[in-house]
Amino acid sequence: RAREAAPLGQQPFAMLKAVSRDGDGGTCTVISVTALLLALAGFSSFLLRQVAIEPGQCFADVIAAPPKDAREYRTLELDGGLRAVVISDPTADSATAVITVSVGSLSDPPSAPGLAHFLEHMLFTGNAKYPDDHAYFDYINAHGGSANAATSLETTHYYFTIPAAHLLPALERLLQFFVSPTLLSSMSDREKHAVSAEHAKNVADDDWRFQRIRFMTSGNPACPLGKFMTGNMKTLANASTVELRAFYDAHYTPDRMSLAVVGRQSADELEAAVRSLAAAIPRRP
């Protein structure tokens, strides 16, 4: 992965799971709501709870912050279904944002283990508005920020931290990942090698190896946890950009996304920015 970013282990964040119910009281859907604890020294934790207004109705977000926390918190939901929490901290020197998509390695097709992770890499390689594969990190690094991403079992996270004055341009560049990614075949081989290099690094890690053994010996051979998820050159050899685009179109929809933004702008300004920038993320059938 051609990027200059702090390792994931140095970018702590907490993820809270929120449950929403559709309008007819039917199927429950788990929506990941990500609360960043990046960049802001002493940033107080908060709790996002789901409280049903009335039986059968959609759940409402209620934020419980520490009594002496002067920051302003606000939740919102866009027409496309993307849910967000914005946090205004006028004293902040750094700002941060993370977007979580509710799809991960457990959704890899049997023909291409590691496809979700491969897609995570490919989204950094350009989009219609910023076609250069270095555009995103060039901006982040030029302004003293850091960025990264992570694919887990059921979710994929993309996040950055940057000096507060540069939050909105960085956020606009991040959200373009989900508006018009190019997913060029010319970038495919490079990113497959990057994914494979991550796997080679993982193999040398005792904790990772122990986890793999634990998953593979669960006692149920049909358990999806036992499958290979990171991806490497062998498992992704036949993964085409056509398959990658199909996976993206199927899973990267705004109703499966949640966003958290922390900045020194007012809550009104942050909400307006999120509504404007994220509105371009297309809805799909």
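Please determine whether any residue of segment 272-284 is of a type in the set (Val, Ile, Thr) and outside any helix (DSSP H, G or I). Yes. Looking across Phe118, Phe124, one residue alone is open to solvent by less than 10 Å² (accessible area, probe 1.4 Å), among the aromatic types (Phe, Trp, Tyr) and at pLDDT 90 or above. It is Phe118.
Conditions (1) over 21 Å from Ile99 (Cβ atoms); (2) open to solvent by 20 Å² or more (accessible area, probe 1.4 Å); (3) touching a Gly at 6+ places or on another chain (Cβ under 8 Å); (4) touching a residue at least 40 places away in the same chain (Cβ under 8 Å), marked per residue:
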site	(1), (2), (3), (4)
Met233	yes, yes, no, yes
Val261	no, no, no, yes
Arg264	no, yes, no, yes
Leu270	no, no, yes, yes
Val274	no, no, no, yes
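Here Ala239, Ala246 are screened, and the one residue that is at pLDDT 95 or above and open to solvent by less than 70 Å² (accessible area, probe 1.4 Å) is Ala246. Determine whether Asp255 is open to solvent by 60 Å² or more (accessible area, probe 1.4 Å), free of Cβ contacts under 8 Å to residues at least 40 places away in the same chain and within 21 Å of Leu82 (Cβ to Cβ). Criteria not met by Asp255. Among the residues of segment 152-193, how many are among the β-branched types (Val, Ile, Thr) and without any contact (Cβ under 8 Å) to a residue 60 or more places away in the chain? So the count comes out to 2. Answer with yes or no whether Pro131 is in contact (Cβ under 8 Å) with a residue 40 or more places away in the chain, within 25 Å of Gly226 (Cα to Cα) and part of a loop (DSSP other than H, G, I, E, B). Criteria not met by Pro131.
Find the residue count for segment 181-210, including only residues that are assigned to a helix (DSSP H, G or I), open to solvent by 70 Å² or more (accessible area, probe 1.4 Å) and not acidic (Asp, Glu). The total comes to 7. Scanning segment 105-127 for residues that are within 9 Å of Leu183 (Cα to Cα) and not in a helix (DSSP H, G or I) gives Gly126, Asn127. Annotation note: of Thr156, Thr241, Thr182, Thr235, the sole residue that is polar (S, T, N, Q) and closer than 30 Å to Gln265 by Cα is Thr156. Just one of the numbered conditions (1) of a type in the set (Ser, Thr, Tyr); (2) surrounded by 14 or more Cβ atoms within 10 Å (Cβ to Cβ); (3) outside any strand (DSSP E or B) is not true of Thr161: (3). Taking the criterion of being of a type in the set (S, T, N, Q) and either at pLDDT below 95 or closer than 20 Å to Ile281 by Cβ (or both), the residues of segment 127-161 that qualify are Asn127, Ser146, Asn148, Thr151, Ser152, Thr155, Thr156, Thr161.
The values are calculated or read from the model by the stated rules, or taken from the named source; none is laboratory data. Fair warning: this is a prediction, and the values are worked out from it, not measured in the lab. Positions of Cβ are generated from backbone atoms using ideal geometry, with glycine treated the same way; all protein chains shown enter the neighbour counts. Ligands, DNA and RNA are stripped out before the accessible areas are found, and what is left, the full protein with its side chains, is counted by its heavy atoms. Shrake-Rupley method; radii C 1.70, N 1.55, O 1.52, S 1.80 Å.
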